[in-house]
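Heads up, the thing below is written out as structure tokens.
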Amino acid sequence: MAPTSADIAKFLESVHPYDGLPRAEFDRVAQCFICQTRSSGETVYSHGEPLPGVFLIMEGAVEVTDAAGAIISQLLARNSFGERGLLADGLAATTARSLSDTHLLLLPADEFKRLFEEQPVYRRFFARGRHAEPRRSDMAMQKVADILSNPPITCAPHDNIRQAARLMRDRRISSLGVVDDGRLVGILTIRDLSTRVLAEGIDPDTTPVCAVMTRDPIGLPAEALGSDVLNLMFEKHIGHLPVVHGDTLVGMLTQTNLTRFQAVSSTQIIQDIVEAETARSLPAITAHIPRLLAQLVGSNHPHEVVTRLITDVTDAVTRRLIQLAEEPLGPSPVPYVWLACGSQGRQEQTGVSDQDNCLFLHDSFVESQRPWFDALARFVSDGLHACGYVYCPGDMMATNPRWCQPVRVWRTYFQGWIDTPDPMAQMLASVMFDLRPIAGNAALFSDLQAETLNQASRNSIFVAHMIGNSLKHVPPLGLLRGFATLRTGEHRNQIDMKHNGVIPVVDLGRVYALVGRLSPANTRARLLCAEDAGVISGAGASDLVAAYDLIAEFRLRNQAAQIKTGQKPDNYLAPYEFGDFERSHLRDAFVVVRTMQSALAQRGSASI
């Protein structure tokens with residue numbers, strides 16, 4: 001017997017988010033539902049079909065599978081399904097089949113979209129993005145483009161010094177950009193006038209600006225964070241920083257400009273690191289990192305900003321240790337670049353990190369020079385360990401001679417992994433594709449990176465193996481809208497938010513970067529670049545980025561909560577300690593990741 005209008009209304013009163021709608025809206029919506037029945041085994045809809053609306057189970061059970069036929073979930077009464085496809089392109093992202101005789105309520109697509117747009121409680125329930133909470137607006141979190149207030153004031157390199165000084169006086173500024181044919185070639189500051197002109201007795205009327213300016217100054221793009229400005233100023237001991245787009249000057253930032261902003265504690269930590277006189281003083285500084293993470297998360301900053309700032313601290317520690325090591329060792333016998341891999345390489349560090357690093361040496365290196373690099377690597381690695389970045393369990397560190405080699409040897413490593421992609425090669429390649437230069441001559445890496453991405457993406461067998469390797473970590477999805485938690489041990493009834501949470505997305509991002517020959521190492525940047533490059537669809541990228549954001553923020557919130565209660569942060573989360581609303585959204589995010597994995601497995605490299 002079909003349910004009556006009164007039956008439907010009574011049922012909806014027990015289903016979220018309908019129970020949270022205003023009464024007039026609730027009465028209207030209750031009249032919009034269409035009753036449907038499905039026999040056991042009957043298909044509700046198939047993958048790729050246009051969706052008539054969102055479905056709500058009133059009685060019975062429905063099994064949802066991905067494009068490859070893998071079971072995603074088994075749903076019971078009061079569960080909705082079909083909303084993800086409606087919010088994307090209107091096509092079913094999964095296949096739904098009844099497991100028993102089932103009564104369904106169908107809310108037509110137009111009505112679903114209207115509710116989504118007009119009712120916040122409805123939108124919050126079905127939206128998969130991060131929570132729209134207010135975020136603190138301090139300088140370190142802002143884009144450099146948002147900090148700039150005035151266009152740059154410039155002069156030409158052949159203007160005389162007196163002309164430039166008068167311009168600075170009249171405009172009440174402390175620096176000028178020196179521009180030649182539209183290209184930034186230097187900056188001139190009040191300090192330059194003091195130390196290079198007045199102190200040296202140079203004639204300001206006959207001497208051109210180019211004779212005393214600072215040539216090829218360090219600059220930042222407009223997309224950089226305010227923290228990048230502060231960190232560069234502290235590390236390089238400079239007070240003026242050009243903002244550039246390629247070779248074009250778009251603005252100038254000075255310490256005076258920044259006094260209106262309060263530098264966040266991440267910048268203070270980095271300043272303390274830069275000023276540290278010995279390696280022994282660094283652990284006391286990095287001991288503040290857990291508190292920093294808790295403060296950043298508590299201020300509702302996006303996960304990509306939190307992990308970026310935490311990684312910035314690690315980068316600063318690494319660079320300071322390298323500087324301290326070089327003081328007694330003297331100049332390096334050949335040029336080198338120190339690189340980080342793993343979460344530091346991707347700029348995704350949280351409150352739990354070990355160290356993964358390596359050294360690329362110039363091809364003029366000979367073995368007799370190895371003791372210098374052994375001493376450097378040991379000093380830095382021991383210093384990082386003392387600061388809480390524990391030794392890599394897999395010995396993937398520059399202290400291992402295998403990972404301290406000239407570029408020519410690294411080239412053979414990558415070529416061998418590509419030509420013979422056995423499991424060990426896949427693992428090593430996965431780690432090394434996340435490399436990022438930290439200190440030294442970055443050019444030693446950049447050319448090899450482009451060359452390796454080009455070769456690897458052209459090798460279909462290697463790509464196929466990398467795809468297979470990327471599917472080894474799966475989201476913790478159980479049946480009946482539950483989670484596949486750990487069954488035994490210290491973390492029983494918890495889920496691993498690293499290996500089963502963020503790592504599946506990290507692996508997907510790495511494959512997309514490989515196929516598209518994309519240079520970013522950061523996972524979120526890879527996903528966005530993959531969309532721009534057409535490697536994955538706009539709808540797929542949007543869903544995956546939103547899912548990744550939610551998973552990553554759950555992980556950080558859990559770590560911040562552990563820190564606040566005096567615990568050591570880890571990657572394990574008890575999902576059933578959260579309410580139905582949050583659990584539902586977390587599980588939906590895992591479903592998106594599993595769906596994208598299935599699409600990758602089913603279609604292979606030809607589809608992306």
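The values are calculated or read from the model by the stated rules, or taken from the named source; none is laboratory data. As the structure is a computational prediction, the values presented were derived from the model and not from experiment. Cβ: placed from backbone, ideal geometry, glycine included. Neighbour counts: every protein chain shown. Accessible surface areas use protein heavy atoms only, side chains included; no ligands, DNA or RNA. Shrake-Rupley method; radii C 1.70, N 1.55, O 1.52, S 1.80 Å.
Somewhere in the stretch 462-485, is a residue among the hydrophobic types (A, V, I, L, M, F, W, C), farther than 21 Å from residue 410 by Cβ, open to solvent by 30 Å² or more (accessible area, probe 1.4 Å) and touching a Gly at 6+ places or on another chain (Cβ under 6 Å)?
yes
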Q: Any residue in the stretch 231-250 that's basic (Lys, Arg): show its pairings with residues that are open to solvent by 30 Å² or more (accessible area, probe 1.4 Å) at Cβ separation under 8 Å, as long as the two are six or more apart or on different chains.
A: 236/218
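What helices (runs of 4 or more DSSP H) completely inside the stretch 416-485 contain at least 1 residues that are at pLDDT 90 or above? Give the derivation first.
Numbers: elements: 423-432, 443-458, 460-470.
So the answer is 443-458, 460-470.
For residue 217, indicate whether it is in contact (Cβ under 8 Å) with a residue 40 or more places away in the chain, in a loop (DSSP other than H, G, I, E, B) and in contact with a Leu (Cβ under 9 Å, 6 or more places away or on another chain).
Values: in contact (Cβ under 8 Å) with a residue 40 or more places away in the chain: no; in a loop (DSSP other than H, G, I, E, B): yes; in contact with a Leu (Cβ under 9 Å, 6 or more places away or on another chain): yes.
No, not satisfied.
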(Q) If I filter the stretch 350-364 down to residues being crowded, with 22+ Cβ neighbours inside 10 Å and touching a strand residue (DSSP E or B) at 6+ places or on another chain (Cβ under 6 Å), which single residue comes out as farthest from residue 555 (Cα to Cα)? (A) 361
Q.
Please go through the stretch 367-384 and give me each residue that is open to solvent by less than 70 Å² (accessible area, probe 1.4 Å) and either at pLDDT below 95 or not charged (D, E, K, R) (or both), ordered by number.
A. 369, 372, 373, 375, 376, 377, 380, 381, 383, 384
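Residue-wise test of (1) part of a helix (DSSP H, G or I); (2) among the polar types (S, T, N, Q); (3) modelled with pLDDT of 80 or more.
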residue: 106; (1), (2), (3): no, no, yes
residue: 113; (1), (2), (3): yes, no, yes
residue: 116; (1), (2), (3): yes, no, yes
residue: 129; (1), (2), (3): no, no, no
residue: 133; (1), (2), (3): no, no, no
Q.
Testing residue 403 on (1) open to solvent by less than 30 Å² (accessible area, probe 1.4 Å); (2) within 24 Å of the chain's Cα centre (by Cα); (3) under 30 Å from residue 351 (Cβ atoms), one condition comes back false. Which one is that?
A. (2)
Q. What residue, among those in the stretch 12-33 that are of a type in the set (A, V, I, L, M, F, W, C) and farther than 18 Å from residue 584 by Cβ, is modelled with the lowest pLDDT?
A. 24
Q. Can you pull out the residues in the stretch 265-284 that are in a helix (DSSP H, G or I), charged (D, E, K, R) and within 19 Å of residue 439 (Cβ to Cβ)?
A. 272, 275
Q) Can you spot a residue in the stretch 119-127 that is at pLDDT 85 or above and in a loop (DSSP other than H, G, I, E, B)? A) yes
